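Bear in mind these aren't lab numbers, they're just calculated from the coordinates by the rules spelled out. In this text, all values refer to a predicted model and were calculated from it rather than measured experimentally. Heads up, the Cβs are rebuilt from the backbone with ideal geometry, glycines too, and the neighbour counts pull from every protein chain shown.
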Amino acid sequence: MSFVIPPMETASVAVSGSEDRFPVRRIFCVGRNYAAHAREMGRDPDREPPFFFTKPADAVVDDGATIPYPPQTENLHYEAELVVAIGAGGRDIAADRALEHVWGYGVGNDLTRRDMQNAAKELRRPWDLSKGFDRSAVIGPLVPASEIGHPSKGRISLSVNGEMKQDGDLAEMIWPVQDVVAFLSQSVALKPGDLIMTGTPAGVGALVPGDRCDVVIEGVGEITTLIGPRG
Ligand code: MN
């Protein structure tokens, strides 16, 4: 079989300590998974079931990249997140078996056009383009769970130009990784290559051209993103 236009390249993220890369199938993201962030977004952090949104696979950006300030926003926000990489698929996965489906973990930054997202919320429109724009998913080198295990606690922090903006702990997640995987697998059949961004702690805020944004997760790694001029 041949294609009528050239087939697209496989989107991928780096793997720590390896030349090999992890192919990306889909990117799922959890909304409001830290109570203090839910509160700052004006929501009551009841332990309601997690909800999900997505980004295109080819929105991924490696650690160290310069990202042109995206179009159609005056309020680009950072969100520090633990990223889960699915290595074995499944549906209706039990929470107590869910970590067996995780290949590894990475440090992520869920870039968000916050003004567009706020308008979408008001107008009851979808979030797709406020969350899933080009280069909106910064994801650093994945570390295999076979090396670091499954982090359930550890500091997650983000700084802009060296000033601390987010400072939380993975243990503060309303729904920990195994529950997120279990819930998501009730909605879609998970497949190898799926990534899950697991939500952000409190302290989200804006990035402007010229900013340097660093995200660090204890025991997982760190990423740096530079914001370039409007592209
Ligand atoms: Mn997020």
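Determine the relative contact order of the stretch 15-230: mean sequence separation of Cα pairs under 8 Å and six or more apart, normalised by residue count, in whole percent.
Details: 545 pairs, mean separation 73.6, N = 216.
34 percent.
Please report 183, 22, 52, 133 as a ranked list, fewest other C-beta atoms within 10 angstrom at the top and most at the bottom.
Numbers: 183 18, 22 24, 52 15, 133 21.
Least crowded to most crowded, the residues run 52, 183, 133, 22.
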C-alpha center-to-center spacing [the stretch 89-116, the stretch 128-154] in angstrom: 8
Cα gyration tensor, the stretch 1-132 - rounded (a/c under 1.5), prolate or oblate: oblate
Residue-averaged 222 nm ellipticity for the chain, from DSSP H runs of 4+ at -39500 (n - 2.57), nearest 500: -4000 deg cm²/dmol
Sequence-distant lysines (8 or more away, or on other chains) whose Cα lies within less than 25 Å of residue 131: 55, 121, 165, 191
Global form of the chain, assessed from the alpha-carbon gyration tensor, a/c cut-off 1.5: rounded
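If you take every DSSP beta bridge whose two residues both sit in the chain, what share of them, in percent to the nearest 5, is antiparallel? Could the numbers behind the result be given before it?
Values: 45 of 55 bridges.
If we restrict to bridges inside the chain, about 80 percent are antiparallel.
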Candidates 44, 179, 63: whichever shows maximal mean-square fluctuation once the chain is modelled as a Gaussian network with Cα springs under 10 Å: 44
